[in-house]
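**Q** Quick one: structure below, then a few questions.
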Amino acid sequence: MRIYLIGFMGSGKSTVGQHLAHQLEWDFADTDKIISSLSSQSISEIFACQGEQWFREREREILLSLRESNNTVIATGGGLPCFKDNMEIMNRTGITVYLRLPPEILTDRLLHGYRERPLLQNKTPEEISQYVAETLRKREAYYEKAALIIDAAYKSAEDVARLIREGINLVEKD
């Protein structure tokens, strides 16, 4: 079984994923870290050198390779569910969990480390806020196809992981 964590950048997929994997005693995989490791570049460097399209293709390759992993929590990049049929692949091969946060909280989180985020570099705080709101609005249609939606606002990573475990028990019973 696989659990795919999806959501906008800054929603806590990697942090929650590590807690969830630890609680379940499962493996943890982070698609961004795998791509970065395989290419020996940071995500920012990849976007600058190879471009977003190249990155999205590598994300898809990683997704396809992970669909055979058992007992694995997978933190995906924020745009991965919106590319090709990635969301459908994840829904067929595991349980998808959308970590939902309002744009204001996402913006606040992203302002603390936006220089490491290639899609936010060279933007003012106001431009980041606008980008987050607009992009989240476009991506919500993909994110909301998740089997489980968790409101992650004002909750610790441990609490979100616990809510996911509880929610998965309900999803599996349906």
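Here, each number is a calculation from the coordinates, and none is a lab measurement. Keep in mind the model is a prediction, meaning the values are calculated, not measured. Note that we place each Cβ from the backbone using ideal geometry, even for glycine, and neighbour counts take in every protein chain shown.
**Q** With charges only on Cβ, +1 for K and R and -1 for D and E, what is the dipole size of the stretch 2-158 about its Cα centre, in debye, rounded to 20? List each step's numbers first, then the result.
**A** Numbers: 19 positive and 22 negative charges, 38 e Å.
For this selection, approximately 180 debye.
**Q** Considering Cα pairs under 8 angstrom that are at least six residues apart, work out the relative contact order of the chain and quote it in whole percent.
**A** Working: 241 pairs, mean separation 59.4, N = 174.
It rounds to 34 percent for the chain.
**Q** While we're looking at this one, here's another question. Along Cα→Cβ, 7 Å out, is where each label goes; now give me the distance between the ones at Gln23 and Ser65 in nm to one decimal.
**A** Going from the Gln23 label point to the Ser65 one covers 2.9 nm.
**Q** Based on DSSP H runs of at least 4 residues, each adding -39500 (n - 2.57), what is the mean residue ellipticity at 222 nm of the chain after dividing by all its residues, to the nearest 500 deg cm²/dmol? Walk me through the numbers on the way to the answer.
**A** Numbers: 8 runs with 95 residues, N = 174.
Rounded to the nearest 500, the figure is -17000 deg cm²/dmol.
**Q** Also: Can you match percent of Cα pairs over 30 Å apart to one of these, (1) 27; (2) 39; (3) 12, based on a calculation from the structure here?
**A** Derived directly from the coordinates: (3).
**Q** With each pseudo-label sitting 7 Å past Cα toward Cβ, what's the Lys145-Glu52 distance in nm, one decimal?
**A** With each label placed 7 Å out from Cα toward Cβ, I get 1.9 nm.
**Q** Related question: Based on the Cβ-Cβ distance from Ala133 to Glu158, what FRET efficiency comes out when R0 is 25 Å, to the nearest 0.05? Before the final figure, lay out each step's value.
**A** Working: r = 28 Å, r/R0 = 1.14.
E(calc), rounded to 0.05, equals 0.30.
**Q** While we're on this one: Using a 10 Å cut-off on Cβ atoms, rank the peptides 31-38, 63-70 from the highest mean neighbour count down.
**A** Details: 31-38: 16.8, 63-70: 14.6.
Order by mean packing, descending: 31-38, 63-70.
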